[in-house]
1. Please tell me if Asp50 is closer than 28 Å to Tyr138 by Cβ and charged (D, E, K, R).
2. Which ones in the stretch 63-89 are aliphatic (A, V, I, L, M) and part of a loop (DSSP other than H, G, I, E, B)?
3. How many residues does the stretch 1-37 contain that are within 21 Å of Gln174 (Cβ to Cβ), in contact with a helix residue (DSSP H, G or I) (Cβ under 6 Å, 6 or more places away or on another chain) and not in a helix (DSSP H, G or I)?
4. For Leu22, work out the one condition from (1) touching a Lys or Arg at 6+ places or on another chain (Cβ under 9 Å); (2) closer than 19 Å to Met209 by Cβ it doesn't fulfil.
5. Limited to the stretch 118-133, what total is found for residues that are surrounded by fewer than 19 Cβ atoms within 10 Å (Cβ to Cβ) and within 18 Å of Asp90 (Cβ to Cβ)?
6. How about the stretch 166-185: which of its residues are modelled with pLDDT of 90 or more and either in a strand (DSSP E or B) or touching an Asp or Glu at 6+ places or on another chain (Cβ under 9 Å) (or both)?
7. From the list Ile121, Ile100, which one is within 23 Å of Gly11 (Cα to Cα) and part of a strand (DSSP E or B)?
8. Counting only residues that are among the β-branched types (Val, Ile, Thr) and more than 18 Å from the chain's Cα centre (by Cα), how many does the stretch 12-54 have?
Amino acid sequence: MSKIVITGINGGIGRALAQEFLNKGLRVVGVDLAPSGPEGLEYFQLDVTDEPKALATYQKIHEAHPDIVYWCNNAGIAVLGPFLDVSAADFNKVMAVNLIAVITATRFWLEVFNRKGGCVINMSSAAGVIPSGDMSSYVASKHAVIGFTRAVQLELEARKSFASTCLVVPGFVQTDIMQVGSQYGLPEKIKSIASTPESCAREIVAGVMKGEREIIPTLSGKVMTGLYRYLPFGHELARTVYQKARKLKT
């Protein structure tokens, strides 16, 4: 039976991914910071930003489950607020979870998968394509995940490696990370266009099982990233949306 390990499994998308992969017949192993994970799943408590412990845990997981074929870097956090109001420590924490931990895990598992085959799934966001104010650390980390994953995939393809990556770029999803209604979170009206974690997970899993290298789940993700990338006024659109969102909240 093929296996997948999902970090951040206690979050909305993490739990939904776990259930959807289970529905497809895969065995799921969970990793998260909390003392316990979803009932019925093998679980490892881990702070993914603690590199020595992370690498030791990854080695333990690999030894216990040599048949893992997917590793999903799903863990992520956001600290919202204007850049100059966010402390350096908070900014760096976001980068540590959303980017550095992703790089550490990607390196470990690609070395494993390079020998036998497998795929590292890296979760970015539409915020990795479209800049938005009041979330500079999140935007920076997710932009970096996109560039990093694409660059690594080019190398793997050139070397005809057995390993691969899959980049996932969701739009609005109904999770705590959106911080809807908070001072710098997304406005309440966004809820009407946000996808559920379950529908997002279905799109992701379908793409992963087809071997897709880039997946843009959710209608909002497809629309927003498409407009920003392909229309000449994409940056102006991002500015207008941000300014309008702030007015909606006042």
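1. The answer is yes for Asp50.
2. Ala75, Ile77, Ala78, Val79, Leu80, Val86
3. 3
4. The failed condition is (1).
5. Residues flagged as surrounded by fewer than 19 Cβ atoms within 10 Å (Cβ to Cβ) and within 18 Å of Asp90 (Cβ to Cβ) within the stretch 118-133 amount to 2.
6. Cys166, Leu167, Val168, Val169, Pro170, Val173
7. The unique qualifying residue is Ile121.
8. Count: 0.
The values are calculated or read from the model by the stated rules, or taken from the named source; none is laboratory data. As the structure is a computational prediction, the values presented were derived from the model and not from experiment. Neighbour counts run over all protein chains shown; Cβ positions are idealised from the backbone, glycine included.
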